[in-house]
Structures are given as structure tokens and as C-alpha cells.
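Heads up: the structure comes next, in C-alpha cells.
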């Protein structure tokens, strides 16, 4: 099993999450979504909230995007294909939009034929709590999470993403 | 006659001295999606004379509000955008509270900076008038070529006062911003 390189951004993420100067448990170098500092629970298009941690046990892609972000829309095209191929094998996507307008968000979901969970925090895009929590400074940004909840890679797209998803599903 | 013009010029400078921009709209360009990145917001926000920056997705621009009583520095704004990895596509300044009379090739001091008006005709500025900076690297190369032809003064090429501007009382080599409406 190939160990994906933990990019420095992840170290930064740990720093961001460790705002309260609490140290990560000894021996745990990889961020895990069970960490209370990485909790995400946001409303979907109908207002119902689903947490990221509820997906533990699956291979999850935490995907930050917005309807007005053209590179994000291009990435959606490929992600839709990967999702339909591996969804029944245990792959899920937790999509977080930085859209400020509900209608723009809903329109894009329909246009891009997105069927995975989409959530959104109300308020200012870059200043959203979830964006600060995950140190989002640009979109698209995505985090690939294994069945144990470990964040193992960032910003994989298309073929690289598919390859990684396939391998993680076999673990 | 010359004395009268000098008096008029001094009066204009005096009138302009109290004026300052309150807002700006900035369009950025680059190889990657400028709005998809928080870098420009952060870079502009770090400037001491900027109070707030808000992304305007629909217009692909940034609405900037200046701090009251602080000198607005367009060069600093351009540098912030460039350091973030992008370029200025357009920078418009407005919110100038006092009415100002301007005309072609008139040099007006707003805040502590000199603004050279190009292709505007004789008119009055008010708080809603948007002034677009037309110096190199504040607009596209193509646009610059076109508009720089509207003045015969050399300063538009250098962004600094040359012998062309010293007649208007501007010290040689002082930074001169070129603007149109």
C-alpha cells in the first residue's frame, strides 16, 4: 500500500486546528477526522445537517468548491464520473460550498449533476468557520480520507484521484 | 493673463488638497482564477490605508474601502496584487467628496498624490465619478497603447513628472498617476 506524502499544508492544518495549544496525542502524526477540532456539521440544501464523521468507514473526499469557481466546475465533471464508478464500493464525497447565494449553489448542483452530499455554511465565503478551520485559502481544495478517518492526501484530481480512491478502497 | 492662470492653478491645488478617495473597485487578472483565491483579499487588507476588501463575484472584482484620513497609494495596491501572483486589470478610484474641476492634461493633487487627467474634457468631478488609472500595468497593454495616444505629454510613459508637468507646478520626477473617466 502506497503511503501518500503528507504535504506541508497538512502540517499547517494541524497548526490551524491546534489554536488552543493542545498537543495532538502522542504517536498520531496524521490528522484524523475524529479530532474534535476538525468537526464539520453543516446544513444541506434542505437544511438538514450531516456531519463529516458520520462517513467514517468509507473512503471520503472532503471537497471545497463554489459555483462561481470555474476550475471547481471543471473538476466536478471528472469527480462525477469517479463518484458514480466507486460509490457502490464505499466511496463518498462530502462537498462544502463557499457560495454565499443559495440559488447559485442549487443551480450549480443541478447543472453539474452532483448527487453526493452538498453542504454550505451561511455567511461570507472565505470567512466561513469551516474555511478557517480547514485553512482554505483557495478553491478547489480537497482532502482524501481513508476508512480509518485519516487524511492521507490533498488536492488529487482526475486520474490521480481515481487511482488513490481505488487503492484506499482495497485496504 | 499668466498671473491669472497661476492664481487659478493655486486655487485648484488648494481646493484639491482636502479631497481624498474613499473607495475603489479593483479587477485582477492572472494565469489562475483570481476570485478563486483569497490571496488578493489578504494582500490588500494588509495595506495600512485599506479598511475593508470584499470580493464581488458577479463583477469579478474587489470592492475596497479606504480608511478615513489615510493617504491612498495605488502603487502599493498594485504591488500587493502582484505579490499575490496576479496583475491589476483595472483600478477605479472614487468617493472624492469635494467637487473638482478637471480638464485634459490638468494636474490635480488628491490627497498627497498628483493625478494627470487624460481624455476627459472640461468637467466637474463628484463623489460618484470613477477615476480609472491608465498607467502601465494598471490596464491591459492594448488599452494602454490606445489611451496613451490621447496625451502628448511624456509623463504617461514614465509615470513620473517630466518637463511637461513642471509648468503645472509639479516637481520633476514626482510620481504622477494618469487617470481618465
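The values are calculated or read from the model by the stated rules, or taken from the named source; none is laboratory data. This one's a predicted model, so the numbers in the text were calculated from it and none came from an experiment. Positions of Cβ are generated from backbone atoms using ideal geometry, with glycine treated the same way; all protein chains shown enter the neighbour counts.
Things to note:
- Residue that is farthest from the other protein chains (Cβ to nearest Cβ), among those in region B:39-52 that are buried (at least 20 other Cβ atoms within 10 Å of the Cβ) and touching a strand residue (DSSP E or B) at 6+ places or on another chain (Cβ under 8 Å): B:50
- Condition met for residue A:68 (within 14 Å of chain B (Cβ to nearest Cβ) and in a helix (DSSP H, G or I)): no
- Test: residue in region A:44-52 that is more than 16 Å from the chain's Cα centre (by Cα), under 22 Å from residue B:58 (Cβ atoms) and modelled with pLDDT under 95: no
- Of the residues A:138, A:125, A:75, A:108, the single one that is within 14 Å of chain B (Cβ to nearest Cβ) and surrounded by fewer than 18 Cβ atoms within 10 Å (Cβ to Cβ) is A:138.
- Checked against (1) within 14 Å of chain B (Cβ to nearest Cβ); (2) assigned to a loop (DSSP other than H, G, I, E, B), residue A:46 meets all criteria but (1).
- Residues that are surrounded by fewer than 18 Cβ atoms within 10 Å (Cβ to Cβ) and part of a loop (DSSP other than H, G, I, E, B), drawn from region B:160-181: B:162, B:167, B:169, B:171, B:172, B:173, B:174, B:181
- Test: residue in region B:94-107 that is in contact with a helix residue (DSSP H, G or I) (Cβ under 8 Å, 6 or more places away or on another chain), surrounded by 19 or more Cβ atoms within 10 Å (Cβ to Cβ) and either within 14 Å of chain A (Cβ to nearest Cβ) or at pLDDT 95 or above (or both): no
- Among the conditions (1) closer than 18 Å to residue B:104 by Cβ; (2) touching a helix residue (DSSP H, G or I) at 6+ places or on another chain (Cβ under 8 Å), the only one that residue B:149 does not satisfy is (2).
- The single condition among (1) more than 12 Å from every other protein chain (Cβ to nearest Cβ); (2) buried (at least 16 other Cβ atoms within 10 Å of the Cβ); (3) assigned to a helix (DSSP H, G or I) that residue A:59 does not satisfy is (3).
- For residue A:97, the requirement of being buried (at least 22 other Cβ atoms within 10 Å of the Cβ), within 14 Å of another protein chain (Cβ to nearest Cβ), within 17 Å of the chain's Cα centre (by Cα) and within 20 Å of residue B:55 (Cβ to Cβ) is met.
- All positions within region B:54-63 that are more than 10 Å from chain A (Cβ to nearest Cβ) and in a strand (DSSP E or B): B:56, B:61, B:62, B:63
- Here region B:108-123 is the region considered, the condition is being farther than 21 Å from residue B:163 by Cβ and in contact (Cβ under 8 Å) with a residue 60 or more places away in the chain, and the residue that is surrounded by the most Cβ atoms within 10 Å (Cβ to Cβ) is B:110.
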